[in-house]
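Taking it in order: structure first as structure tokens, then the write-up.
Derivation of every value follows stated rules applied to the coordinates shown; laboratory data play no part. Since this is a predicted model, take the numbers as computed values, not measurements. Positions of Cβ are generated from backbone atoms using ideal geometry, with glycine treated the same way; all protein chains shown enter the neighbour counts.
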Amino acid sequence: MIGQQIIQLHEVDSTNNYAAKLLSEGKLAHGTVILAEHQTAGRGQRGRNWQSVGSKQFTGSYFLKTDFLSVDHLCYLNMGIALAVRGMIQSFTRKNVTIKWPNDIFIDNQKIAGILIETNWKNGRVEGAIIGIGINLSPVQSVVYATSLEEISGKSPDVLDVLDVLTENMNKFYQYVRQSDFDYLKSTYESFLWKKDEEIILEERQNPVPFTGIIRGVDLIGNLLVEKEGVITIYHNQELNFEANYASEKLKM
Ligand code: BTN
């Protein structure tokens, strides 16, 4: 069962780093979750920082054994995790909670949660995954395109209540990955994709010229399918910049 063992820390550099250290020492059981009140060097995607910025946050990492999963199917683990986090946030609001490809959680044009999945591979299998999750519980003043559970639900929830719902969702979606229910994961993930079937402004990071495109879905290995001028282009992770669509001022919720 995921979430049976909980390690609660007051302060740590990064819960993902802490998990990686325990794993390297052979001291980390499947399903363990590590929670920290403060991270001094929280990490985000693309080598960025995930800063505490003085607001109340959920910062935690789950360790999952995934040696049943071929590396070709890694994207389905990402889809399952994004769906689990999305579902947890949806339980706090009637607003539409979406997944900005590949795994940011958004409400309208504002980010509420981020996910950092770090895996180790052996013989073509994904041996295990450290899944770092950061969720804004109270308003983050310094980031204009951020929102929080407090802003969407009217109250700042308790970290352990968030953990309970999240863990329930993690157990549910891990089973879909475990059972290779890839069609279900892909279609459910696509049904929650941020801005799907809408015209948005995009930019290729290698060729930063803004263009209008429409997200149509993902392919079988999790790449993004974008339609531009009637033609579908496949994008890999980190090739696109979406920031032109983010909220440039705090939205009234
Ligand atoms: C992102 O959106 O860039 C991903 C952010 C992931 C942040 C979480 S907080 C808990 C875990 N520990 C880390 O150092 N990072 C992740």
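Only Lys, Arg, Asp and Glu count, each charged at its Cβ (+1, +1, -1, -1), so figure out the dipole size of the chain about its Cα centre, rounded to 20 debye.
Values: 25 positive and 30 negative charges, 55 e Å.
About 260 debye.
State to the nearest 20 debye the size of the charge dipole of the range 10-84 about its Cα centre, where the only charges are +1 on K and R beta carbons and -1 on D and E beta carbons.
Values: 7 positive and 6 negative charges, 32 e Å.
It works out to roughly 160 debye.
Is it possible to state the helix-based mean residue ellipticity at 222 nm for the chain, with each DSSP H run of 4+ residues giving -39500 (n - 2.57), the sum divided by total residues, to the nearest 500 deg cm²/dmol? What is it? Walk me through the intermediate numbers first.
On the way: 5 runs with 62 residues, N = 253.
Roughly -7500 deg cm²/dmol at 222 nm, from the helical runs in the chain.
Using a Cα distance threshold of under 20 Å, what count of lysine pairs results for the range 79-180 when pairs must be 8 or more residues apart or interchain? Walk me through the numbers on the way to the answer.
On the way: Lys95/Lys111; Lys95/Lys155; Lys100/Lys111; Lys111/Lys155.
Pairs that pass both the separation and distance tests number 4.
Give me the base-10 log of I(q)/I(0) for the range 199-245 at each q in 0.21, 0.29, 0.33 Å⁻¹, Debye formula, one uniform scatterer per Cα, rounded to two decimals.
Debye intensities relative to I(0), on a log10 scale: -0.66, -1.20, -1.37.
Based on other C-beta atoms within 10 Å, arrange Leu160, Leu35 from fewest to most. Write out the running numbers ahead of the final one.
Values: Leu160 11, Leu35 19.
With the fewest neighbours first, Leu160, Leu35 line up as Leu160, Leu35.
Which value, in Å to one decimal place, does the Kirkwood hydrodynamic radius take for the chain when every pair of different Cα atoms is included? Intermediate values should be presented prior to the final figure.
Working: mean 1/r = 0.0538 Å⁻¹.
Taking the inverse mean of 1/r over all distinct Cα pairs, the chain comes out at 18.6 Å.
Of all the Cα-Cα pairs you can form in the range 55-98, what percent are over 14 Å apart? Show your work: numbers first, answer last.
Details: 606 of 946 pairs.
Above the 14 Å cut-off, the range 55-98 has 64 percent of its Cα pairs.
Just want the ordering: His10, His38, from fewest to most Cβ atoms lying within 10 Å of their own Cβ.
The order, fewest Cβ neighbours first, is His10, His38.
Show me the trypsin sites (Lys or Arg not before Pro) within the range 1-81 that DSSP assigns to loop and that have at most 10 other Cβ atoms within 10 Å of their Cβ. Mind dumping the intermediate values first?
Details: sites: Lys21, Lys27, Arg43, Arg46, Arg48, Lys56, Lys65; in loops: Lys27, Arg48, Lys56.
Here the sparse-neighbourhood loop sites are Lys27.
Report, by chain and number, residues whose modeled amide H sits under 5 Å from the one on Trp121, excluding near sequence neighbours (fewer than 5 apart, same chain).
When sequence neighbours closer than 5 places are left aside, the close amide H contacts are Glu127.
Compute the separation of the alpha-carbon centres of the range 46-104 and the range 139-210 and state it in Å as a whole number.
6
Taking the Cα centre of the chain as the origin and placing charges on Cβ (Lys, Arg +1; Asp, Glu -1), which of Ser153, Gly124, Ala29 is farthest toward the positive end of the dipole?
Checking the options against the dipole of the chain, the answer is Ala29.
Run through the range 191-229 and list the GluC sites (Glu not before Pro) located in a DSSP loop whose Cβ has at most 11 other Cβ atoms within 10 Å.
Details: sites: Glu198, Glu199, Glu203, Glu204, Glu227, Glu229; in loops: Glu198, Glu229.
In loop regions of the range 191-229 (DSSP not H, G, I, E or B), the sparsely surrounded GluC sites (Glu not before Pro) are Glu198, Glu229.
Above 23 angstrom, tally the Cα pairs of the range 2-145 and express them as a % of all pairs, no decimals. Write down the numbers at each step before the final one.
Working: 3524 of 10296 pairs.
I get 34 percent for the Cα pairs in the range 2-145 exceeding 23 Å.
If the only charges are +1 at each Lys and Arg Cβ and -1 at each Asp and Glu Cβ, what is the size of the charge dipole of the range 199-245 around the Cα centre, to the nearest 20 debye?
Values: 3 positive and 8 negative charges, 13 e Å.
Roughly 60 debye, rounded to the nearest 20.
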